[in-house]
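Participant: One structure is given below, represented as structure tokens, and several questions about it will come after.
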Amino acid sequence: MSVSDDLVSLQTDGIVVSAGPVLVDREDLQNKYMWGYYLCIENNSSEKIRLLGKDWNITDDKGNLYNDSSAGFKGELPELEPGEVFEYTSYAPLKAANAVFYGSCKVEAFGQNKIKNIKVPTFSLSANQPKTNRVLN
């Protein structure tokens with residue numbers, strides 16, 4: 001899967017979330033689009049954090065809403081020391097060529113027993129954009 005070099009980033013309380021889309025596959029006859037998305041969460045705070053889950057939404061240009069509100073990241077609850085990074089990729093099959101991705105991550109700072117919602121930067125998924133060139137493993 002490849003990701004655009006033009007990632008969008010948003011910082012909240014020393015936690016930076018960078019995100020970007022990838023059109024993985026397009027099947028013209030069935031009018032389906034397989035989108036991939038990449039997220040990079042950087043802990044630039046002075047505290048160790050745990051990533052507890054996510055609440056992500058994709059709204060396409062036909063008005064369909066897709067939601068992922070779940071605990072963890074593919075079964076993991078990553079813990080990040082200050083300066084550490086967590087990368088995450090996933091896929092979303094859509095019935096439209098254009099959509100918007102938005103949402104948040106649930107984060108807990110160790111020793112504070114307080115959950116924060118850290119916003120994920122909003123980005124567009126558009127099949128009309130040229131293919132991207134950054135490869136992810």
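Participant: Determine the dipole magnitude for the stretch 2-127: charges of +1 sit on the beta-carbon of Lys and Arg, -1 on that of Asp and Glu, nothing else is charged, the reference point is the Cα centre, and the result goes in debye to the nearest 20.
Facilitator: Using only the charged Cβ atoms, the result is roughly 420 debye.
Participant: First measure r as the distance between the Cβ atoms of Lys95 and Ser46, then evaluate 1/(1 + (r/R0)^6) with R0 = 35 Å and state the FRET efficiency to the nearest 0.05. Please report the intermediate quantities before stating the final value.
Facilitator: Details: r = 44 Å, r/R0 = 1.27.
Once rounded, the FRET efficiency stands at 0.20.
Participant: A follow-up question, please. Using only the alpha carbons of the stretch 2-127, what is the convex hull's orientation-averaged projected area in square nanometres?
Facilitator: Over all viewing directions, the stretch 2-127 projects a mean Cα-hull area of 7.6 nm².
Participant: Amide H of Ala96 versus every other amide H placed in the peptide plane: which residues, excluding those fewer than 5 positions away on the same chain, fall under 5 Å?
Facilitator: The answer is Tyr33.
Participant: As I understand it, the dipole of the stretch 2-127 uses +1 on the Cβ of Lys and Arg and -1 on the Cβ of Asp and Glu, about the Cα centre. Which of Val16, Val85, Ser104 lies farthest toward its positive end?
Facilitator: The residue sitting farthest along the positive end of the dipole is Ser104.
Participant: Now, a different point. Sort Asp68, Asp6, Asp60 so that the residue with the fewest other Cβ atoms within 10 Å of its own Cβ comes first and the one with the most comes last.
Facilitator: Asp6, Asp68, Asp60
Participant: Can you give the FRET efficiency to the nearest 0.05 for Thr59 and Glu79, using r as the Cβ-Cβ distance and R₀ = 30 Å? Before the final figure, lay out each step's value.
Facilitator: Numbers: r = 32 Å, r/R0 = 1.05.
For R0 = 30 Å, the calculated efficiency reads 0.40.
Participant: How would you rank Phe123, Phe101, going from fewest to most other Cβ atoms within 10 Å of each one's own Cβ?
Facilitator: Lowest count first: Phe123, Phe101.
Values in this text are rule-based calculations from the coordinates and carry no lab data. Predicted model only: the values in this text are computed from it and were never measured. Because the Cβ atoms are built from the backbone with ideal geometry, glycine has one as well, and the counts that use them run over all protein chains shown.
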